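S.K.: Input: one structure, supplied below.
The values are calculated or read from the model by the stated rules, or taken from the named source; none is laboratory data. Predicted model only: the values in this text are computed from it and were never measured. No Cβ is skipped: glycine too gets one built from the backbone with ideal geometry, and neighbour counts run over all protein chains shown.
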């Protein structure tokens, strides 16, 4: 009997006993990239050895970063050809950028360097932004570093290690927060309550994004962190033309606030340069989407959407990211032109609603187990407008729109019709034959229109599989339960047999 | 104390959203405007022939249909509104004024729109985008949104007069009602007060759920009655509290408190009188719409306001109310699954206790609370703790 992928897993953790065999070329490539990742991590560790070791012991979430090689392997599970190369390029770029930022964070962190004049001086050059605010605005302060405050202690660890949010969510609940709130703001509140945010920056630009829970968690964070804070109020009905004046006024007010606390003048030319780079990054993404509409979708899954989120939020306007995009697109184009599809694709799925951070490699499992390729994902689609850099006014409007259509928010805010209509549109555009709908149980904004999705799919005769998840809380819904929702649907509704039966049911609760 | 003359009539009015006075007003050509949030300035929804009805779903039973459409993790109030609309209980509405402030709330009107639940040919809706902090450009946005998405559609589709003069007339009538409430509220500061918490909650609810012009005569008469009402011989209240929190339109909640001999000295919750039943000052030399909008933004106590000055304002207001109404403690209540009040309750339960020295209890509750023994037990325990503090000398150790 042919061995399945799960036969290589250790019981309970689903960690592979040995590296995946992908054929000679791909295996050697993958191994080489894996070694490069280790090189990046080792270089980072030894660049500031004492500081980094202190950080690992000071912050519980830092432990998650030690498991990054395994995380990247999970995201590359099953990939071949251009998809593998694109994934490794994206992920290794991400590793390089994150390690650089962690160095800045820990060098300035007053928890690690109490009373340090050097750290204080560095902090005067650090602007903290809410993680959902794209760092593009910060490019207007070229002498400062913009850090997405919750991105490194919260968002990335929640993807890397499924257990990382559990402790912090528990802390929030012990503090009195209801257990039904979204785990994302609850995780953030837990970090603030535990004083586990690095003590950095000269000021904080918070925001009302993406949801009601995020608005409220900023109240707890502001209280505990103690930085001068200004909320950037981003309009909710962002499709309306008349709210754009307000959005621009808010950005101008934020710039004045940042100028006041950093002591720097806003550099409009620097912002223009960054916007132009961002436009190119966006165009590269448009091309990727177009390629995924073909019969050979060359790159799908978390290594694509996670990179997109990171690019939109943290490295927008960064030339190095653009170069990575161009490199990746060349690989993807080549594969599509050659007409090579290295995987068995039975179904083309549009994946809607926010994915589960605690199961980032869910797409890989879908493809390997059932041949379901996630050709289009809602989380991948945001900030799609190009910024007109011809004048300050037009540039501000473009930046405002980019912020308004930030990760998740592009669909979950602005009216239910945005999330509904775009789904049916994407279903057609990507020639899909099924929808995979995440039922993120604590997301009230989407939950409150769940019936409309059901009705819409039924009226259109579209097959829709609902998968329950709780964003980043594996104690509510486990990975195994998520898989089971798909298994039951595929076996009982679609009447199919799996491509790899070993992957239908396995235990990975103890996995990172 | 002797029952108030109209209290049973008021109770009957609260038995359904489409009550007797609402029907009378519609029959005489009124335009029924439903709304569910303080962000929609009530006074403006009463311009010309329009009249506001703050939406409730009394006698809510099963929520099975809303569970399918909205899941079971959504606040009971919004689900109940949806269920009522689905059942046909909101067909009397001519306009639904909503705000994208609480996402669960705005999803009600979006579901109603998508599923075409209101069987009324005149029915339409408007949704505003409102700011989360007080700034001059925020006020501009708010005014434009109210004008463009509420007043203009009311004028164009329902023929409502929304001129400056009509706004001033609506505010005048609103202020008349508020003046009555200010006097009734003042009675709550007395020892052995002449108005019970349950009565006050009912009065407050009918004032929101009925056309102002039609409820005013009854309120006037009730005030006169209260001013000369004979008190009971002894003060039966064990402690006085302020209730702070989310949407609360079920006076059974206040009954539970009353049964525990807990006096609600001030009601700082949605559907309560603070804010909402204070007169709006209007100057003659400035635009009425802008003045009204400014008033509603400045007095708004919604926890979604995330700027520091509004966060502090909310706490300061509770502290001032505690002094003004001589409250012994604060009760933060939160509708289950309400994200805003979930966080506000959690944090302020601790802040009010530790920084303001006010004994504070935080609870979450369902939309329908009638017969909740668990709630009664918690209130009783809180009452006991307040009594003990009084015996110990004023609660310094709170």
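S.K.: Residues being outside any helix (DSSP H, G or I) and either over 26 Å from the mean Cα position of the chain (by Cα) or over 25 Å from residue B:313 (Cβ atoms) (or both): count how many of those fall in region A:219-249.
M.R.: 6
S.K.: Taking region A:321-333 as the search range and keeping residues that are farther than 24 Å from residue A:428 by Cα and in contact with a helix residue (DSSP H, G or I) (Cβ under 7 Å, 6 or more places away or on another chain), which one is surrounded by the most Cβ atoms within 10 Å (Cβ to Cβ)?
M.R.: Once the filter is applied, the top-ranked residue is A:328.
S.K.: For residue A:185, are the conditions met, namely being under 17 Å from the mean Cα position of the chain (by Cα), within 14 Å of another protein chain (Cβ to nearest Cβ) and either more than 19 Å from residue A:106 (Cβ to Cβ) or surrounded by 20 or more Cβ atoms within 10 Å (Cβ to Cβ) (or both)?
M.R.: When the stated conditions are applied, residue A:185 passes them.
S.K.: Being more than 12 Å from chain B (Cβ to nearest Cβ) and over 21 Å from the mean Cα position of the chain (by Cα) narrows it down to one residue among A:193, A:169, A:200; which is it?
M.R.: A:200
S.K.: Let me ask you something else. State all residues of region A:489-501 that are part of a helix (DSSP H, G or I) and surrounded by fewer than 18 Cβ atoms within 10 Å (Cβ to Cβ); if no residue qualifies, say none.
M.R.: Selection gives A:491, A:492, A:493, A:501.
S.K.: Mind checking whether some residue in region B:95-109 is over 21 Å from the mean Cα position of the chain (by Cα) and either within 12 Å of chain A (Cβ to nearest Cβ) or surrounded by fewer than 23 Cβ atoms within 10 Å (Cβ to Cβ) (or both)?
M.R.: no
S.K.: Tell me whether region A:147-158 contains one or more residues that are more than 27 Å from residue A:382 (Cα to Cα) and more than 14 Å from chain B (Cβ to nearest Cβ).
M.R.: Checked region A:147-158: no residue is more than 27 Å from residue A:382 (Cα to Cα) and more than 14 Å from chain B (Cβ to nearest Cβ).
S.K.: Inside region A:454-472, can you point out the residues that are facing another protein chain (nearest Cβ under 10 Å) and either in contact with a helix residue (DSSP H, G or I) (Cβ under 7 Å, 6 or more places away or on another chain) or closer than 11 Å to residue B:71 by Cα (or both)?
M.R.: A:456
S.K.: Is there a residue in region A:350-360 that is within 14 Å of chain B (Cβ to nearest Cβ) and free of Cβ contacts under 8 Å to residues at least 60 places away in the same chain?
M.R.: No, the conditions are met nowhere in region A:350-360.
S.K.: Now for a different question. Among the listed residues B:85, B:32, which satisfies the condition of being in contact (Cβ under 8 Å) with a residue 60 or more places away in the chain and either assigned to a helix (DSSP H, G or I) or within 25 Å of residue B:251 (Cβ to Cβ) (or both)?
M.R.: Result of the check over B:85, B:32: B:32.
Results for (1) outside any loop (DSSP other than H, G, I, E, B); (2) farther than 25 Å from residue A:402 by Cα, shown as yes or no for each residue.
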| residue | (1), (2) |
| --- | --- |
| A:63 | yes, yes |
| A:69 | yes, yes |
| A:83 | yes, yes |
| A:93 | yes, no |
| A:99 | yes, yes |
| A:107 | yes, yes |
| A:114 | no, yes |
| A:122 | yes, yes |
| A:153 | yes, no |
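Results for (1) in contact (Cβ under 8 Å) with a residue 24 or more places away in the chain; (2) under 29 Å from residue B:126 (Cβ atoms); (3) assigned by TED's automatic domain parsing to the domain that holds residue B:101, shown as yes or no for each residue.
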residue	(1), (2), (3)
B:146	yes, yes, yes
B:149	no, yes, yes
B:170	yes, yes, no
B:174	yes, yes, no
B:187	yes, no, no
B:193	yes, no, no
B:198	yes, no, no
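S.K.: Any residue at all in region B:338-354 that is more than 27 Å from residue A:221 (Cβ to Cβ) and either more than 14 Å from chain A (Cβ to nearest Cβ) or in contact (Cβ under 8 Å) with a residue 12 or more places away in the chain (or both)?
M.R.: Taking every residue of region B:338-354 in turn, none turns out to be more than 27 Å from residue A:221 (Cβ to Cβ) and either more than 14 Å from chain A (Cβ to nearest Cβ) or in contact (Cβ under 8 Å) with a residue 12 or more places away in the chain (or both).
S.K.: Now, a different point. Looking only at region A:416-436, how many residues end up being within 29 Å of residue B:99 (Cα to Cα) and either surrounded by fewer than 22 Cβ atoms within 10 Å (Cβ to Cβ) or away from chain B (no Cβ under 13 Å) (or both)?
M.R.: Count: 10.
S.K.: Something else about it: Pick from region B:360-378 the residues that are over 17 Å from the mean Cα position of the chain (by Cα) and crowded, with 22+ Cβ neighbours inside 10 Å: which of them is nearest to residue B:238 (Cα to Cα)?
M.R.: It comes out as B:360.
S.K.: May I ask you to list the residues in region A:227-238 that are closer than 21 Å to residue A:309 by Cα and more than 7 Å from every other protein chain (Cβ to nearest Cβ)?
M.R.: Answer for region A:227-238, where residues must be closer than 21 Å to residue A:309 by Cα and more than 7 Å from every other protein chain (Cβ to nearest Cβ): A:232, A:234, A:238.
S.K.: Name the single residue that is nearest to residue B:308 (Cα to Cα) among those in region A:244-255 being buried (at least 21 other Cβ atoms within 10 Å of the Cβ) and at the interface with chain B (Cβ under 8 Å from one of its Cβ atoms).
M.R.: A:250
S.K.: Residue A:383 fails exactly one of the following numbered conditions: (1) modelled with pLDDT of 95 or more; (2) more than 30 Å from residue A:22 (Cβ to Cβ). What is the number of that condition?
M.R.: (1)
S.K.: Right, another one. Please indicate, with yes or no, whether at least one residue in region B:154-163 is within 15 Å of residue B:35 (Cβ to Cβ) and within 14 Å of chain A (Cβ to nearest Cβ).
M.R.: No - not one qualifying residue is present in region B:154-163.
S.K.: Given B:84, B:56, B:140, B:122, which one is crowded, with 16+ Cβ neighbours inside 10 Å, touching a helix residue (DSSP H, G or I) at 6+ places or on another chain (Cβ under 8 Å) and more than 10 Å from chain A (Cβ to nearest Cβ)?
M.R.: B:56
S.K.: Answer yes if at least one residue in region B:257-270 is without any contact (Cβ under 8 Å) to a residue 60 or more places away in the chain and surrounded by fewer than 24 Cβ atoms within 10 Å (Cβ to Cβ), and no otherwise.
M.R.: Yes, region B:257-270 has at least one match.
S.K.: How many residues are touching a residue at least 60 places away in the same chain (Cβ under 8 Å) and over 16 Å from residue A:399 (Cβ atoms) if we restrict to region A:235-249?
M.R.: Result for region A:235-249: 3.
S.K.: Further, regarding this structure: For residue B:294, work out the one condition from (1) in contact (Cβ under 8 Å) with a residue 60 or more places away in the chain; (2) more than 20 Å from residue B:46 (Cβ to Cβ); (3) more than 14 Å from every other protein chain (Cβ to nearest Cβ) it doesn't fulfil.
M.R.: (2)
Yes or no, residue by residue, for (1) in contact with a helix residue (DSSP H, G or I) (Cβ under 8 Å, 6 or more places away or on another chain); (2) more than 9 Å from chain B (Cβ to nearest Cβ); (3) surrounded by fewer than 20 Cβ atoms within 10 Å (Cβ to Cβ):
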{"residue": "A:225", "(1), (2), (3)": "yes, yes, no"}
{"residue": "A:257", "(1), (2), (3)": "no, yes, yes"}
{"residue": "A:268", "(1), (2), (3)": "yes, yes, yes"}
{"residue": "A:273", "(1), (2), (3)": "yes, yes, yes"}
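S.K.: Can you give me the number of residues within region A:1-19 that are touching a residue at least 12 places away in the same chain (Cβ under 8 Å) and over 25 Å from the mean Cα position of the chain (by Cα)?
M.R.: Of the residues in that region, 10 qualify.
S.K.: Listed residues B:112, B:127, B:146; which is within 9 Å of another protein chain (Cβ to nearest Cβ) and touching a strand residue (DSSP E or B) at 6+ places or on another chain (Cβ under 8 Å)?
M.R.: Result: B:127 is the single residue among B:112, B:127, B:146 that is within 9 Å of another protein chain (Cβ to nearest Cβ) and touching a strand residue (DSSP E or B) at 6+ places or on another chain (Cβ under 8 Å).
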